[in-house]
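The values are calculated or read from the model by the stated rules, or taken from the named source; none is laboratory data. Keep in mind the model is a prediction, meaning the values are calculated, not measured. In this analysis, Cβ positions are derived from the backbone assuming ideal geometry, glycine residues included, and neighbour counts consider all displayed protein chains. These accessible areas exclude ligands, DNA and RNA; they are computed on the full protein's heavy atoms, side chains included. Shrake-Rupley method; radii C 1.70, N 1.55, O 1.52, S 1.80 Å.
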Amino acid sequence: MGGDHRIGILCQKNKPVFSEVAKRLRNAGFQVRFFHPRSILSPDHIADLSLIVNKKTHPSALPALRHARRTGTALWNNLQATILFSSLLIGLRALSEMGFLTPEVSFEKPDGDYVAKGYYIWNDEPELNGEGDFYQELIPTKPVDYKYYAVNDGTRIHVGGRRVTSKLYVEKQFLGQIEVKPELAASLRELVERFDLRGVGVDLVKDDDGQYWAVDVNLAAGYRDTGLEPALTESVIASLPSE
């Protein structure tokens, strides 16, 4: 099945989900190689690959992704979306346009509690009441994040999710899988279709009235504890160029 297809994954090789995906791909006959997310891929590396799975993107990798696009090497998540969603502000605007509730944003510190963030996904972690490039209203909630994930396998958009403790307060820990809310899944699928995505994650919090607020979108999602490894494998295979 794999033929001569070679797949490069921009991800640390010890990440459990994509380690499993790589194993499934190899069992299907594909050649798979991991590259560190901060790798500066050479033109020779790119020429040897049929597909780059840009699972996580750092600025140092962007020139290689641009070169891949120019020279015809396929990308798992398209380059336009990768660049757009590197901006947290653009990501929040896109979530709002898809129907998600999103917190207010300001460029001066609000009077109440807030979350300080950098402009880009590769900046430091968000900080409660700290210093940042912009400031996001803190939604009163329990210290729990609801992580929704979508994987497009070319035929179907799979949605899964989990609950974890919020890194704003404590170290992140898995709390359990969730029952996906149909209205949130619909907005997530619209996001995938509108931006022609293969994989994406959205972080949400739930306020005291039971409303869900989207606070982040991430093309470098981890998909851990979701059971989406088969869908991710099929998505990678579906992204390969036709022979």
**Complete:** The number of residues in segment 118-142 that are within 17 Å of the chain's Cα centre (by Cα) and outside any loop (DSSP other than H, G, I, E, B) is 1
**Prompt:** Of all the residues that make up segment 66-117, how many are assigned to a loop (DSSP other than H, G, I, E, B), of a type outside the set (D, E, K, R) and more than 17 Å from the chain's Cα centre (by Cα)?
**Reply:** 8
**Asked** If we scan segment 223-240, do we find a residue that is open to solvent by 30 Å² or more (accessible area, probe 1.4 Å) and closer than 25 Å to Tyr114 by Cβ?
**Response** no
**Message:** Suppose we filter Glu171, Glu131 for residues that are over 24 Å from Leu191 (Cα atoms) and either open to solvent by less than 20 Å² (accessible area, probe 1.4 Å) or modelled with pLDDT of 95 or more (or both); which single one remains?
**Reply:** Glu131
**Message:** So, in segment 51-65, how many residues would count as being outside any helix (DSSP H, G or I) and either basic (Lys, Arg) or buried (at least 20 other Cβ atoms within 10 Å of the Cβ) (or both)?
**Reply:** 7
**Prompt:** Within segment 174-206, which residues are out of contact with any Leu (no Cβ under 8 Å at 6 or more places or on another chain), part of a loop (DSSP other than H, G, I, E, B) and either crowded, with 20+ Cβ neighbours inside 10 Å or aromatic (Phe, Trp, Tyr) (or both)?
**Reply:** Arg198
**Message:** Quick check on this structure: which one of Gly199, Gly210 is small (Gly, Ala, Ser) and more than 19 Å from the chain's Cα centre (by Cα)?
**Reply:** Gly210
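Condition check ((1) open to solvent by less than 80 Å² (accessible area, probe 1.4 Å); (2) acidic (Asp, Glu); (3) at pLDDT below 90) across all residues:
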residue	(1), (2), (3)
Glu20	yes, yes, no
Val32	yes, no, no
Ile40	no, no, yes
Ile46	yes, no, no
**Request:** Give the number of residues within segment 143-196 that are on the phi > 0 side of the Ramachandran plot and either without any contact (Cβ under 8 Å) to a residue 40 or more places away in the chain or of a type in the set (D, E, K, R) (or both).
**Result:** 2
**Message:** For the list (1) under 20 Å from Leu232 (Cα atoms); (2) open to solvent by 80 Å² or more (accessible area, probe 1.4 Å); (3) at pLDDT 95 or above, I need the number of the one condition that Gly160 fails.
**Reply:** (2)
